[in-house]
Each structure stands twice: as C-alpha cells, then as structure tokens.
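**Q** I'd like to ask some things about the structure below.
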Amino acid sequence: MKFNRFAIYFIPDQIELAQLGASWLGWDIITAQEVRQIELSDFDIKKFTQQPKKYGFHATIKAPFRMKGSKTSTELISAFDEFAEICPPAILEGLEVKKLGDFLAFRPVGSEEKLNSLVANVVEHFDCFRAPLTQKEIAKRRRAKLTTIQEALMKKWGYPFVMSEFQFHITLTGPLYPNDVDMAYSAARSHFGETIKKPFKVNSLCLAGEDENGRFHLIKRFELLG
C-alpha cells in the first residue's frame, strides 16, 4: 500500500488494552480495520471521537510527516531497525485519564524525564526523513495560535509540540464542551477499567502510515532493545 505520510507512534502491545482502545475509537490501527464502536447512553462517543478515530489508539512520538524526496520507506524501516537495537525502553509509574486542554487522554503518572528524553531522541534521529513543511501545512499548524517557542520548534522539527513542548498522551476524544467532560471521563474510566498495568512500559515504537482516506495503519512494530 502507498502511504501519503508516515508517523512514529507508541501503540500499546497489550492485547486487551489495544482492543479496548480500538472499540473506543471505532478504528483498529493494528489490523487497519473498522471495528464496532461502543455505544453509550449519556455520551455521544461517535461525535467526540470523530477527530482522533483516523489516527487510531496511540501516542504520537514523531508527528505525521511526508517523506523527503530522496528517501524511501525501506530506508526508514532499516534505520528504525538499527535505532531500536540501541534505544532503551522507558518505564512509567502508570497512566491515568486526564483532561489535556479541551480533550481527554491517558497521561503518565509520575516522572516523565526518561520518556521525554527517548521521544526527543526519536524526533531528532528521524528528522532526516522528513520533507519540509509546505506553506499550507504551516498555516494549518498556526491555527493553534502557537507561542514563540512553538513557532520556532515547528520551523526546526516540522511540529510545534516537541522537545520542551512535548506531552506524552494517548488521545481519547476530540474537543469537548465543558458540560461533557465529566460524562466523557466517567465513560473512559468505565470502559478501560483496570487494564493499565503499573508500571507501564514503553518498550516498543511503531511506524505507521496514512492511507488515501486519512486513516493510519501499523506498518511495523520495533522492540526497544537498548
């Protein structure tokens, strides 16, 4: 399959958690299939997951990018294989459902220092594969009303929320209205229950690709062996 963009994601490899994430969003990034989305009586989950659905249940490590003209996906996979051999995993105390801006996501519990160091390394290491942003892409990013620091990061790394601005999260909803936050929070807690293991290990990273419909597919999982 030909992909328009590539991304480096953390996609949980715990089967039960991955399946719950897929049924929450209605798209399974691992199998690249629509799945039956859960139905809730007091929360319009289809409406509020429409935005994150196409990306699948994941945490962004390196945001979607177009491949630089001189590079190939084969070269990217080869480079990823080599990187994963020497890159150590990161261990978190756990994850919890939190409000991040105007949406809900799983966020780390406790220190994120080692994880943030890992992510910064990934962003820098694979930037040689990223094509420069187009003016249209820059304009789209600027709709988020970027700070001076975020603008500088976008120009350097192609995405404003990296390095000092990075916050690890597994997105659960799109933007929520204030009176929907409590219902969304309760629904997420009920749906995922106790599936988040403690400690929570980020011991693999995934290469994902965007198809012609804007849906993301898992291409390959790389175990971090450093």
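The values are calculated or read from the model by the stated rules, or taken from the named source; none is laboratory data. These numbers come from a predicted model, not from an experiment. Here Cβ is always computed from backbone atoms with ideal geometry, including for glycine, and neighbour counts include all displayed protein chains.
**Q** Only one residue in ALA79, ALA32 is touching a Lys or Arg at 6+ places or on another chain (Cβ under 8 Å), surrounded by fewer than 21 Cβ atoms within 10 Å (Cβ to Cβ) and of a type in the set (A, V, I, L, M), so which one is that?
**A** Within the list ALA79, ALA32, the selection yields ALA32.
**Q** Same structure again: Among the listed residues LYS47, LYS53, LYS71, which satisfies the condition of being within 28 Å of LYS140 (Cβ to Cβ), surrounded by fewer than 14 Cβ atoms within 10 Å (Cβ to Cβ) and of a type in the set (Lys, Arg)?
**A** None of the other options fit; the residue is LYS47.
**Q** Let me ask another. Tell me, which helices (runs of 4 or more DSSP H) wholly within region 20-136 include 3 or more residues that are out of contact with any Asp or Glu (no Cβ under 7 Å at 6 or more places or on another chain) and among the polar types (S, T, N, Q)?
**A** The qualifying helices (runs of 4 or more DSSP H) are 73-86, 113-125.
**Q** Condition first: in a loop (DSSP other than H, G, I, E, B) and among the polar types (S, T, N, Q). Can you find one or more residues in region 211-220 that meet it?
**A** Checking region 211-220: at least one residue is in a loop (DSSP other than H, G, I, E, B) and among the polar types (S, T, N, Q).
**Q** Additional query: Do we have ALA187 as more than 23 Å from LYS71 (Cβ to Cβ), surrounded by 16 or more Cβ atoms within 10 Å (Cβ to Cβ) and small (Gly, Ala, Ser) here?
**A** Answer is yes for this residue.
**Q** May I ask you to list the residues in region 87-106 that are within 19 Å of MET163 (Cα to Cα) and surrounded by fewer than 19 Cβ atoms within 10 Å (Cβ to Cβ)?
**A** Across region 87-106, the qualifying residues are PRO88, PRO89, ILE91, LEU100, GLY101.
**Q** Right, here's the next one. Somewhere in region 66-84, is a residue closer than 30 Å to ALA187 by Cα and modelled with pLDDT of 95 or more?
**A** Within region 66-84, none of the residues are closer than 30 Å to ALA187 by Cα and modelled with pLDDT of 95 or more.
**Q** Which condition does THR134 not pass, out of (1) closer than 22 Å to GLY158 by Cα; (2) of a type in the set (Val, Ile, Thr); (3) touching a strand residue (DSSP E or B) at 6+ places or on another chain (Cβ under 7 Å), if it passes all the others?
**A** Unmet for THR134, out of (1) closer than 22 Å to GLY158 by Cα; (2) of a type in the set (Val, Ile, Thr); (3) touching a strand residue (DSSP E or B) at 6+ places or on another chain (Cβ under 7 Å): (3).
**Q** List the pairs whose first member sits in region 90-102 and is touching a residue at least 24 places away in the same chain (Cβ under 8 Å), whose second member is of a type in the set (Ser, Thr, Tyr) and not in a strand (DSSP E or B), and whose Cβ atoms are under 7 Å apart, counting only residues at least 6 apart or on separate chains?
**A** Within 7 Å, the pairs are VAL97/TYR185.
**Q** Being farther than 27 Å from LYS198 by Cβ and not aromatic (Phe, Trp, Tyr) is the requirement here; does ILE61 meet it?
**A** In short, no.
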